[in-house]
Structures are given as C-alpha cells and as structure tokens.
Amino acid sequence: MTHFFKGASISFPDHDISTSRRRRSRVGAGLSWLAEINTRRAPSGALHIACADPCAEARRRDVLRDEGHQLAAQGQWHRLSERLADCDAARDKTPGGKPKAELLAQGARRHLAPRLDRIQRRGPSARDAHLRALFARTVDDPMLAAVLAVAHVDAARAKTSRRLFRKRRAVLAARHFERAEALLRPHEARAIGAPLVAAATCGLLAGRVDARHRVVPDYETLIDLDMDNPAPMRSLGRQLLPTAFGARDTLEREAVRCAARTRARWGEGGYTWVMLDAIRIDDAACAALDVDFFIDGLRDILARDPSQTTVNLFAAALSTLRTDAPSPSPRADANRARIAACADWIVRDHLRELHPDVWLEERRGAAAGRLTPRQAEAERRAALDFLADHFTSEIAAGQQIRFTEQGPVSGPV
C-alpha cells in the first residue's frame with residue numbers, strides 16, 4: 001500500500017492544538033498555595049482563590065510512563081501486556097482525565113521508538129535481542145501490537161530520520177507505517193472493546209493515503225469505546241479541518257452526529273467537545289458554528305462533569321477567545337464573543353480553585369502538567385487577571401472576592 005507522511009496531530013501520543021512540547025521539567029513538590037491577585041487590574045489582595053498543586057498530575061503521569069518504560073526496557077512483555085489490558089478494560093484514568101493505559105504505552109514507546117528507528121536504518125544488533133519476544137507476541141496480543149504500532153509512528157517522525165535525505169526519509173517513514181498497519185491488522189478495536197487499539201488505529205491516519213475516508217469511522221470507534229474521555233472528540237474536530245483530513249461541512253455534520261451518539265453521557269456536549277479546538281483554530285469553522293448548540297452543550301458538560309479540571313479547562317479555553325484584534329471574519333468574531341461571554345457564568349457558578357497546569361495546556365498548547373514553577377506562576381497570574389475582569393464592579397467598589405466551596409463571595413477588604 002502506498003503511504004504518505006503528513007505532520008498532523010494524532011490521538012494516541014500527547015498532541016494538542018499547537019506543536020507538542022516534550023520538555024521534561026523538574027519541579028518541586030508541594031506547591032499548593034492560596035493565590036492572591038497582584039496585577040495592574042486590581043489592588044493586591046482583592047481576589048482570593050485556592051490553587052491546586054500544579055505538578056501533582058504531572059507526577060502521576062510520570063510514574064505511569066516510567067513504569068511502562070521500565071517494563072519495556074527489562075523485556076517484561078507479559079507484565080506490560082497485563083497492566084495495559086487491566087487499565088484499558090477498566091477505562092482507568094488519572095485525576096486529570098488521562099487514560100492510564102495510554103501513559104503506560106507512552107513510556108514503553110519511549111524505549112521502543114529509537115530502537116525501531118535504528119533497526120530500520122541499520123538493521124538489528126545484539127542490543128535488540130529482548131525485542132524478539134515482543135515481535136513474536138504481537139499477533140496474539142492486541143495491547144502489545146498497539147504499543148509497537150504507534151512506536152513505529154514515533155520512529156517515522158524521529159529526529160534521526162529527519163536528518164536523512166528527503167527521499168530516503170520518505171522510504172523509511174513508509175516502511176514504519178506499513179509495519180504499523182500490519183501489526184494492527186489482526187486486531188479490530190470494536191470487536192475486542194479496546195480503546196488503546198482504537199487510539200493506535202487513529203494514530204496511523206498520518207500515514208494513510210485514504211485518511212480522509214478513514215478519519216470518521218476510526219474516531220467513531222474510539223469515541224464509542226470510551227465516551228468518558230473527551231480527548232478523542234476534540235482530536236476529531238481538529239482532524240476534520242481542511243488543514244488535516246476533512247472539510248468544514250464534514251466537521252459540522254460529524255459534530256452533530258457525535259452529540260447524538262454521546263447524548264447519554266454528555267447531553268448535547270458532544271457537539272461542544274468536537275468544535276472546541278476547531279473554532280479556536282479556524283475562522284470559517286467558527287463562523288459556521290451553531291452557537292446556541294455549542295452553549296447548550298457547554299452547560300450539559302459542566303452539569304455532568306463539574307470537576308475543577310473540566311471547569312478550569314473551559315475557563316482557560318474561553319479566555320483564549322477574547323482578543324482585541326479582529327479576524328478577517330466578522331461572523332467568527334461575533335460567535336467567539338458570544339462564547340467567550342459564557343466564561344462569566346462558568347467562573348461564578350462553577351469555579352472553586354485554579355489549576356495552572358490546565359491553563360498552560362489550554363492557553364499555550366503545552367503537554368499537561370509539564371511546567372516549571374515560573375510557568376506555573378505565570379499561568380496563575382494570567383488566570384487571576386482573567387478572573388478579575390469578571391468582578392470589576394465589585395473590586396472597583398472596594399470589595400474583596402473570595403472563592404469558596406459554594407462559589408465566589410464578596411465582602412469588604
């Protein structure tokens with residue numbers, strides 16, 4: 001099969017609306033503070049809100065990645081497969097909502113990808129002997145097949161491959177994708193009920209010539225297998241943009257269909273999840289948005305998942321829609337303004353504490369939790385500036401805003 005290699009974001013690895021950042025930051029533990037605003041918009045101490053440890057989610061994710069990496073490095077394929085299968089079957093997630101099976105798989109791929117890259121370019125060596133048992137198991141083991149398949153995708157994008165001549169690089173990338181397809185061919189995700197395999201299948205879209213025809217059914221399978229996870233819905237929205245594998249009319253149609261399929265879990269929220277990133281990227285998609293549908297979905301999501309992670313996610317995402325610079329589309333600007341205005345009731349009715357790692361991811365596209373103390377402080381201040389804008393009259397009147405478990409309350413300083 002002929003392949004092409006396109007640099008589009010995929011679901012299985014950590015990817016978001018901007019370029020992924022893979023930097024690993026060493027951050028101190030126990031960074032829980034009470035945030036107090038001290039900006040040009042309001043007097044110091046005018047706004048008080050608890051701030052969650054910005055590194056807690058990152059530590060949880062790193063523990064799982066390190067476990068997956070260690071099991072792969074030691075060749076403990078049976079144990080790795082068991083852990084992946086258990087987490088995948090239970091749909092286990094971290095408190096921040098990341099599937100644990102994906103994190104274990106990411107760690108294992110960190111060991112596998114450079115070795116696959118080297119084997120493809122130079123052939124196997126004695127250092128790769130422990131991989132023979134893995135290769136032999138993938139026909140009967142969908143968990144290991146999924147990990148190895150996406151490791152091939154990682155290897156196709158490896159920096160070492162990018163240093164090669166373009167024609168040689170294309171040949172090696174095509175071989176990696178061919179091998180990845182062969183690994184997944186015996187395993188049908190829907191039949192075995194495995195989101196990890198479905199995510200790996202979506203990950204192969206970047207190398208398929210028929211990606212435009214596969215993107216919807218492949219993502220439908222992944223979404224249906226784990227409706228509690230909104231990440232595939234957001235990824236579907238990005239993949240259906242014209243810059244990836246779709247078209248704007250397809251995007252709108254599939255967002256409506258997604259809302260219908262996931263109504264039992266999210267109400268009308270499936271539409272909102274699919275469109276959330278697309279309208280931040282694409283003016284035409286935003287101009288064509290059904291804003292009332294989007295806002296109804298937003299309310300349904302927060303009614304069904306009032307966790308502070310989700311509340312911070314939408315507060316941060318909506319903060320990026322506010323801008324003084326008009327886009328070429330007045331209709332898109334008007335729609336963004338209506339959606340951005342929802343931040344007021346989100347802040348007043350739902351917000352109880354700040355999650356700087358979520359703000360960093362939504363505002364800058366960085367991988368969740370991977371932030372330095374300086375970045376955490378910058379995101380905390382940006383969030384506080386944003387919150388202060390929603391209490392300008394109270395603060396101007398000399399009131400102090402304190403966020404409690406029941407919501408924000410005002411009183412004299």
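Given the criterion within 18 Å of Gly97 (Cβ to Cβ), out of contact with any strand residue (DSSP E or B) (no Cβ under 7 Å at 6 or more places or on another chain), in contact (Cβ under 8 Å) with a residue 40 or more places away in the chain and not assigned by TED's automatic domain parsing to the domain that holds Ala341, identify the matching residue among Leu289, Leu298. Before you say what the answer is, go through the steps one by one.
Values: Leu289 fails: within 18 Å of Gly97 (Cβ to Cβ).
Residue meeting the stated conditions: Leu298.
For every residue, the table says whether it meets (1) crowded, with 19+ Cβ neighbours inside 10 Å; (2) touching a Gly at 6+ places or on another chain (Cβ under 6 Å); (3) outside any loop (DSSP other than H, G, I, E, B); (4) of a type in the set (A, V, I, L, M, F, W, C).
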site: Leu236; (1), (2), (3), (4): yes, no, yes, yes
site: Pro242; (1), (2), (3), (4): no, no, no, no
site: Phe245; (1), (2), (3), (4): yes, no, no, yes
site: Arg253; (1), (2), (3), (4): no, no, yes, no
site: Cys258; (1), (2), (3), (4): yes, yes, yes, yes
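How many residues does the stretch 378-393 contain that are at pLDDT below 90, buried (at least 17 other Cβ atoms within 10 Å of the Cβ) and not aliphatic (A, V, I, L, M)?
2
For residues in the stretch 228-274 being touching a residue at least 60 places away in the same chain (Cβ under 8 Å) and of a type in the set (A, V, I, L, M), which is farthest from Pro95 (Cα to Cα)?
Ala244
Could you list, in sequence order, all residues of the stretch 219-266 that are within 12 Å of Ala285 (Cβ to Cβ), at pLDDT 95 or above and aliphatic (A, V, I, L, M)?
Correct list: Leu240, Leu241, Leu251, Ala255.
Go through the residues of the stretch 140-157 one by one and say whether even a single one is in the same structural domain as Gly203 (by TED's automatic domain parsing), among the charged types (D, E, K, R) and exposed (fewer than 15 other Cβ atoms within 10 Å of the Cβ).
We begin by selecting, within the stretch 140-157, every residue in the same structural domain as Gly203 (by TED's automatic domain parsing); these are 140-157.
Of the ones still in play, those that are also among the charged types (D, E, K, R) are 140-141, 154, 157.
Those still in the list that are exposed (fewer than 15 other Cβ atoms within 10 Å of the Cβ) too: 140.
Looking through the stretch 140-157, at least one residue is in the same structural domain as Gly203 (by TED's automatic domain parsing), among the charged types (D, E, K, R) and exposed (fewer than 15 other Cβ atoms within 10 Å of the Cβ).
Which residues, taken from the stretch 319-345, are closer than 18 Å to Leu387 by Cβ and of a type in the set (Lys, Arg)?
Within the stretch 319-345, Arg322 is the sole residue that qualifies.
Inside the stretch 401-411, can you point out the residues that are in contact with a helix residue (DSSP H, G or I) (Cβ under 9 Å, 6 or more places away or on another chain), under 15 Å from Ala50 (Cβ atoms) and not aromatic (Phe, Trp, Tyr)?
Correct list: Ile401, Gly407, Pro408.
The values are calculated or read from the model by the stated rules, or taken from the named source; none is laboratory data. Because the structure is predicted, anything quoted here is derived from the model rather than measured. Positions of Cβ are backbone-derived with ideal geometry, glycine not excepted, and every protein chain shown enters the neighbour counts.
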